Amino acid sequence: MVAAFSLPPGVARDQAIARARSGELAAAANRPVTSSVVQRVDALLGLPAADPTLGVGR
């Protein structure tokens, strides 16, 4: 997650964030995550604000 957020803003960064959330975060939660969960985890990790729907199933 931290590596994804360290990329410069743009499409590649958004894709890296989406992959990290859908892969790492969902695997750690052992279930699909919602945008509200993403916002909470990002805040707990001290990550900068980003679209909470990136990498989250709709």
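The values are calculated or read from the model by the stated rules, or taken from the named source; none is laboratory data. All values derive from a computational prediction rather than experimental measurement. Cβ atoms come from the backbone with ideal geometry, glycine included; neighbour counts cover every protein chain shown.
Here are some notes:
- The selection criterion, being out of contact with any helix residue (DSSP H, G or I) (no Cβ under 6 Å at 6 or more places or on another chain), aliphatic (A, V, I, L, M) and modelled with pLDDT under 90, does not hold for A3.
- Flag if P52 is without any contact (Cβ under 8 Å) to a residue 40 or more places away in the chain and over 11 Å from the mean Cα position of the chain (by Cα): no
- Sub-9 Å Cβ pairs linking a first residue in the stretch 16-29 that is closer than 16 Å to A43 by Cα to a second residue that is of a type in the set (K, R) and outside any helix (DSSP H, G or I), at least 6 apart or interchain, number zero.
- A20 meets the stated requirement of being in contact with a helix residue (DSSP H, G or I) (Cβ under 6 Å, 6 or more places away or on another chain), small (G, A, S) and in a helix (DSSP H, G or I).
- Search result, residues across the stretch 1-17 that are in a helix (DSSP H, G or I) and of a type in the set (G, A, S): A3, A4, S6, A12, A16
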